[in-house]
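**Q** First the structure, then my questions, so here it is.
What follows is calculated from the coordinates using simple rules that are stated; it is not laboratory data. The model shown is predicted, which means the values in this text are computed figures rather than measured ones. Here the Cβ is made from the backbone with ideal geometry for all residues, glycine too, and neighbour counts use every protein chain on show.
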Amino acid sequence: MFYREAGDYKTSYAQDNQTFPIAFDRYRYYFVVAVGFALLPFVMTDYLANAILLPFLIYAIAAIGLNILVGYCGQVSLGTGGFMAVGAYTSYKLMTAFPWMDMVSVTLLSGLMTAIVGMAFGLPSLRIKGFYLAVATLAAQFFLVWLFNRVPWFFNYSASGQISAPERSMFGWAITGPAANPSVKYLFCLLFVFVLAWLARNLTRGSIGRQWMSIRDMDIAAEIIGVNPLRAKLSAFAVSSFYVGIAGSLFFTVYLGAVEVGASFGIQKSFLVLFMIIIGGLGSIFGSFAGAAFMVLLPVALTRIFADGFGWDTALARHIEFVIVGGLIMFFLIVEPHGLARLWALAKEKLRLWPFPY
Amino acid sequence: MPDQLLFAMEVSLNGLMTGIMYALVALGFVLIYKASGIFNYSQGVMALFAAMTLVGIQEGRVPFSHLINSIFGTHITEFGFEVPALLAILLTVAVMIAFALFVQKFVFRHLVGQEPIILFMATIGLAYFLEGVSDLMWGSEIRQLDVGLPQGINGAIDNATFEALGYGFFIDNLDISAAIIAAILVAVLIAFAQYTKQGRAMRAVADDHQAALSVGISLNYVWILVWSLAGIVALVAGVMWGSKSGVQFSLSLIALKALPVLMLGGFTSIPGAIIGGLIIGMGEALFEFVVSSNDLFGAWFGFTFSATENWFAYVLALAFLVFRPQGLFGERIIERV
Amino acid sequence: MKTLATLALGAALAAGPAMADLTFPSLSYRTGPYAANGIPFADGYADYFTLLNERDGGIGGEMANVLECETAYDTERGVECYEATKGEGALVYQPLSTGITYQLIPRASADGIPIHSMGYGRTSAANGSIFEWVFNYPANYWDGASVIINYLLQENEGSLEGRKIVLLYHNSAYGREPIRTLETLAEMHGFELVQLAVDHPGQEQGNQWLQIRRERPDFVIMWGWGVMNQVAVQEAANINFPMNNFYGVWWSGAEPDVLPAGAGADGYRSLNMNALGDLPVLDDIRQYVVDAGLAAGDGTNVGSVLYVRGMYAAMLAAEAARNAQEISGETNITPAMMRDGMESLVITEERMEELGMGGVGPAFEVTCENHGGPGLALIQEWDAEAQVWVTLTDFIAPDDSVIDPLIEEDSAAYAAENNIEPRCNES
């Protein structure tokens, strides 16, 4: 009943090709965007921003980035944490070396820097495939973390090696630093998410996206039909790292404000983002959002249920959380290997005919 | 610099010993990957779980005591008796076999025929799950593990090298026992695979699932078998590493040390795991020795260039891979359109 | 849809219980790689407040409420915990992790909630004129490094000339803390300092200890954490390093760190900022808390190094709250009053006796300028046979002439970065 095409006539090619071909879906999308931009900033609280929305938005960017590489191009990467660190440290160096630079440029330049580094570490993908590549990307992960931890230039020779983001503002509003208003931080991230998701959606359905997918499905066959694997794979690494770098930059400047590379960008982060795209759905932009929301909200919700609800001690709640997260991952893979995005698509199919399925 | 040469020899020897410890972990990966194509990330957590279970049984702890106490408000922690080491090991093996049954029945039987990457993700999920279960069962304190393995410097080697070379080499007794145990383990595994009916079935499945199925080998049975074997290997690895540092959460991270070994040796070769372990162990020890030593290399940098162990193994393996993408001993990758 | 659901859930989560009592959040870590160290500390912290409630009816008539939030030593969870608990009238945060402390310093300063990072966190926060809301009494890492050197000086007839000292440190912000102090001290006293980093998590230290064996240092100082401690003690025993010359910082000197090495750990020494022993308060805890079934843990940790440290931290918080009640004349204090209470905290020997923990820490006073306390620490030695830490010395003073300029320099840099005007000029 909700997702009906009936009466929704397409009169041009562009209309036929739009991202949300069903009118209801399109309005729902406009509605979500409107709520995100116009309503949420006015009801923002510190807790909502710092504990839920900021991590959700930032992880969504990282998940979209990784999804481009893993879900669309089929190159499994476990180096996400390391690439996020590149973004964060580039931001830090830029912010301290050029205090006049505005945050948008800082963030974009951090993404660019990460894209370059990502391409360099993507080179082995031309020869190494599958698990071997997945493990090889761990080399990037460990090397980058070690580098930022070890070379004092990256943390400006500070005694402890922690980096912290100085306060920067745009249009008179502080974006980073403790004085920043949660709504401003939220809007700043949301803007990046909106533009980047829109870009990713259009990249993946254009020519380059088709090249990625053909490489994913079978790289030799793709090569035979004329896809240049060098260009396709490296561009996937570059675009993916650009996204991940921006996520890392925002993670450091807007969300946390101070990070230590080993603790914040370790191997767990790589796995976390990977989980997001598996649970959300490989090869789906919506899946990246769903996965990020799921992994951010689940631990918070479980802690509330077990620790606050049942009054059990927090350690027990956390142990059970491990069991549940692990169990859910296995459950999803067994029941629906294509993740939440696929469940969502199925639900939409059902809703189309509901309540008269015949 | 004869001194530096001697030191380098000592460092390489110790590196080789460490390499064997890595190989012990890597063996479990190879077993499962060969038979079922599953890249089992949870091997490290299995080592933790096995070692925790062993200590828990030895000390007579009540499993899930924390959970039980929270729900029922009771205060039980221990049964009050201690189990001798040998019996405890047997009981732990039984637990690991039960775990293999569980994994096969509830997880991987439902994932037959999925893409390898999906199976890999499932094992990451399994790793989380098992970590939680391990904590729930036995708590997250550090446990002291004592199965009677010797530790400390080996005096005989120290004296012999001192007399021959003028500098006594340090070799840890625990490493020597690890090497012996690893050798026995590999010999037993190979003998098992070559000379027993179950072993032959295992190899048949590794060669070709469909063909094995068609001559009447139960895939389910073989998979339970390899998961049990991997569980036992995990127990051995857990005991060796646990004797060094106490049994604790960090044991689960040793899986990360085994991955470069696998890349280098190939995911499908048991000798590859051993040789890969040796190369990685020696390579990273020598590299660390060379770059951190001020006399050799370290003076080139303005900062101390050390603690490279974590990444060097991966870079070394990566360098090998660029020339041999299937690892040193892996099966050749043949691709057809 | 999802955003809406997020919003609804977020709102539901944000609306916790109403403000009540005196709230002391405890950002504990009972899981994860450092759980073995986190559990006894969190138990001690919670049990002491339970004792106050049970025995004395709270602090100044107000019940103390410990809000425990599990961080697993993870920074993001620490932030989540902070945001979740700060609305509930949290009086003082004990972040229990250097990483989380760095996170919370700007946040809590903006929100006006004091932080007490006891023996960890940002060392230069000892400069109260810059860090208004942060306290790290009674001692910090730089004090610790200096105390070890002072003790070694005392043991070696006042001279370390030509000696070789190895610093074995966790390759992280925490592990790097003592380097600058030790470098300065090395220059001053003419000893050679060799720095050896151990990368996280520290399961393998074969190379480092081979190097120590080659270098034959006179002393090894360790800034270790987690599994690194156990492995280091074991490796030191393996190479037959004289354990009496092996010194750990206070986070490398608890029971779980040495127990796995068995008899080999005998004689290993470490710093401690709180004395151990038969404190009368422990009997009270056993009587009122453990036997009554109110203990945070299973009661087996009572009296262990980190348990006593947690309890000591709770005592300092409770005393500061009491002090704040006296100053403000109100029993239900606010975080700002709590801060004033902490800033004028005076801990005397008599008061500690009264509380049943005589000599647990040094007597000290906090002032507006000095949030770091006197920096005293003592040396303890592990007796493997009896499985107890034996306190070797009295509280030893650090070399303030070295530490103070370093604190001055680092806090000035922070002030410049964040445009902070130094306070405390009125006197």
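**Q** Taking the Cα atoms only, what angle lies between the long axis of helix C:400-418 and the longest principal axis of chain C, rounded to 10 degrees?
**A** 50
**Q** If you build the convex hull over the alpha carbons only and average its shadow over all orientations, what do you get for chain C? Give it in nm² to one decimal.
**A** 21.9
**Q** Quick one: what do you get for the range B:69-164 if you divide its Cα Rg by 2.2 N^0.38 Å?
**A** Relative to the 2.2 N^0.38 Å estimate, the range B:69-164 comes out at 1.69.
**Q** For the range A:23-266, build the charge dipole from Cβ charges (+1 Lys, Arg; -1 Asp, Glu) around the Cα centre, then report which of A:Leu187, A:Leu230, A:Leu203 sits farthest towards its positive end.
**A** A:Leu230
**Q** Can you give the average number of partner chain beta-carbon atoms within 10 Å of each beta-carbon in peptide B:75-84, as a whole number?
**A** 1
**Q** Separate question: About its Cα centre, what dipole magnitude does the range B:186-337 give when the only charges are +1 on Lys and Arg Cβ and -1 on Asp and Glu Cβ, stated in debye to the nearest 20?
**A** Rounded to the nearest 20 debye, it is 460 debye.
**Q** Take every residue in peptide C:223-229, count the Cβ atoms of other chains within 10 Å of its Cβ, and give the average of those counts.
**A** Per residue, the number of nearby Cβ atoms from other chains is 3 on average.
**Q** Using only the C-alpha atoms of the range B:95-236, find the volume of their convex hull and express it per residue in Å³.
**A** Considering the Cα atoms of the range B:95-236, their hull volume per residue is 179 Å³.
**Q** Another question, then. Give the cysteines in the protein assembly as shown for which no other Cys Cβ lies under 4.7 Å away, or write none if there are none.
**A** A:Cys73, A:Cys189
**Q** For chain C, the longest stretch holding no GluC sites (Glu not before Pro) located in a DSSP loop with at most 15 other Cβ atoms within 10 Å is which?
**A** Longest stretch, sites excluded: C:162-329.
**Q** Still on this structure, please answer the following. Please work out, to two decimal places, the log10 of the ratio I(q)/I(0) at q = 0.13, 0.15 Å⁻¹ from a Debye calculation in which every Cα of the range A:270-358 carries one identical scatterer.
**A** For the range A:270-358, the Cα-only Debye profile gives -0.52, -0.65.
**Q** Using a Gaussian network for chain A with springs between C-alpha atoms less than 10 Å apart, which of these wobbles most: A:Arg304, A:Arg201, A:Arg231?
**A** The residue with the greatest mean-square fluctuation here is A:Arg304.
**Q** Averaged over every viewing direction, what's the projected area of the C-alpha convex hull for chain A? Give it in nm², one decimal, please.
**A** 21.5
**Q** What is the percent of Cα-Cα separations in the range A:166-313 that go past 19 Å?
**A** 66
**Q** Please list, by residue number, every one of the GluC sites (Glu not before Pro) in the range B:1-97 that is coil in DSSP and has at most 12 other beta-carbon atoms within 10 Å.
**A** B:Glu82
**Q** If you don't mind, there's one more thing I want to ask. Can you show me the helix-derived [θ] at 222 nm for chain A, built from DSSP H runs with n ≥ 4 at -39,500 (n - 2.57) apiece and divided by the number of residues, rounded to the nearest 500.
**A** -20500 deg cm²/dmol
**Q** Taking the range B:173-225 on its own, what percent of its Cα-Cα pair distances exceed 17 Å?
**A** 46
**Q** Moving on to the next point. Grab the beta carbon distance between A:Leu191 and A:Glu223, set R0 = 30 Å, and tell me the FRET efficiency rounded to 0.05.
**A** 0.20
**Q** So how strong a dipole does the protein assembly as shown carry about its Cα centre when Lys and Arg Cβ are +1 and Asp and Glu Cβ are -1, to the nearest 20 debye?
**A** Dipole of the protein assembly as shown, to the nearest 20 debye: 6500 debye.
**Q** Computed from the mean reciprocal separation of all distinct C-alpha pairs, what Kirkwood hydrodynamic radius does chain B have, in Å?
**A** Every distinct Cα pair counted, the radius reaches 21.5 Å.
**Q** Can you list the DSSP H helices in chain A whose Cα atoms extend at least 18 Å along the helix axis and whose mean Kyte-Doolittle hydropathy is -0.5 or higher?
**A** Within chain A the helices that satisfy the rule are A:54-67, A:80-97, A:103-122, A:130-150, A:182-204, A:229-250, A:267-280, A:285-303, A:314-335, A:339-353.
**Q** Something else now. Angle, helix C:98-111 long axis vs. longest principal axis of chain C, Cα atoms, 0 to 90°, nearest 10?
**A** 30
**Q** How large is the convex hull of the C-alpha atoms of the protein assembly as shown per residue, in Å³?
**A** 184
**Q** May I pose another question? Which of the peptides B:322-328, C:25-31, A:284-290, B:161-167 is most tightly packed, and how do the rest follow, going by the mean number of other Cβ atoms within 10 Å of each residue?
**A** C:25-31, A:284-290, B:322-328, B:161-167
**Q** Another question, if that's okay. Within the set of other residues whose C-beta is less than 12 Å from the C-beta of A:Lys269, count the net charge using Lys and Arg as +1 and Asp and Glu as -1.
**A** Charge balance near A:Lys269 sits at -2.
**Q** Kindly provide the helix-only [θ] at 222 nm of chain C, computed as the sum of -39,500 (n - 2.57) over DSSP H runs of four or more divided by all residues, to the nearest 500 deg cm²/dmol?
**A** Helix contribution divided over all residues of chain C: -13000 deg cm²/dmol.
**Q** Let me ask another. Report the charge-dipole magnitude of the range A:23-266 in Debye, nearest 20, computed about the Cα centre from +1 at each Lys and Arg Cβ and -1 at each Asp and Glu Cβ.
**A** 440
**Q** Binning every alpha carbon pair distance of the range A:229-330 at 5 Å from zero, what are the percents per bin?
**A** All Cα pairs considered, the percentages come to 3, 11, 14, 20, 19, 16, 9, 4, 2, 1, 1, 0.
**Q** Which of the listed residues, B:Ser134, B:Gly238, B:Ile20, is farthest toward the dipole's positive end in the range B:2-323, when Lys, Arg count +1 and Asp, Glu count -1 at the beta-carbon?
**A** B:Ser134
**Q** Anyone know which of C:Gln387, C:Gln195, C:Gln154 comes out most mobile in the 10 Å Cα GNM of chain C?
**A** Residue with maximal mean-square fluctuation among C:Gln387, C:Gln195, C:Gln154: C:Gln154.
**Q** Rounded to the nearest 500, what is chain B's calculated 222 nm mean residue ellipticity when only DSSP H runs of at least 4 contribute -39500 (n - 2.57) each, over all residues?
**A** Computed ellipticity for chain B at 222 nm equals -23500 deg cm²/dmol.
**Q** A further question on this structure: Output wanted: per-residue J couplings in Hz (rounded whole) for the range C:117-133, from phi through Karplus 6.51 cos²θ - 1.76 cosθ + 1.60, θ = phi - 60°, x for Gly and Pro.
**A** 9, 8, x, 7, x, 7, 4, 6, 5, 4, 7, x, 6, 9, 9, 5, 9
**Q** Now, a different point. Using only atoms on other chains, find how many Cβ atoms lie within 10 Å of each Cβ of peptide B:102-113 and report the average.
**A** 2
**Q** By its C-alpha gyration tensor, with a ≥ b ≥ c as the square roots of the eigenvalues, how is the range C:290-400 shaped: rounded for a/c under 1.5, else prolate for a/b larger than b/c, else oblate?
**A** oblate
**Q** Then there's this: When the Debye formula is applied to the Cα atoms of the range A:243-285, each taken as the same point scatterer, what base-10 log of I(q)/I(0) results at q = 0.14, 0.17, 0.19, 0.25 Å⁻¹?
**A** -0.38, -0.54, -0.66, -0.95
**Q** Taking a cut-off of 19 Å, what percent of all Cα-Cα pairs in the range B:216-289 are separated by more than that?
**A** 51
**Q** Also: Let me make sure I get this right: for the range B:1-141, a, b and c are the square roots of the gyration tensor eigenvalues over alpha carbons, sorted descending. Under 1.5 in a/c it's rounded, otherwise prolate if a/b > b/c, else oblate. Which is it?
**A** Oblate, because a/c is 1.5 or more while a/b does not exceed b/c.
**Q** In addition: Say the dipole of chain C comes from +1 at the beta carbon of Lys and Arg and -1 at that of Asp and Glu; which of C:Met357, C:Val402, C:Ala324 then lies farthest toward its positive end?
**A** Farthest along the dipole direction, towards plus: C:Val402.
**Q** Please work out the FRET efficiency for the pair B:Phe102 and B:Ile68, using the Cβ-Cβ distance as r and a Förster radius of 22 Å; give the result to the nearest 0.05.
**A** 0.60
**Q** What angle, in degrees between 0 and 90 and rounded to the nearest 10, separates the Cα long axis of helix C:2-14 from the longest principal axis of the Cα atoms of chain C?
**A** 90
**Q** Search the structure for amide H atoms under 5 Å from the amide H of C:Val66, placed 1.01 Å from N in the peptide plane, and list their residues when 5 or more places away or on another chain.
**A** Amide H neighbours of C:Val66, under 5 Å, 5+ apart: C:Phe24.
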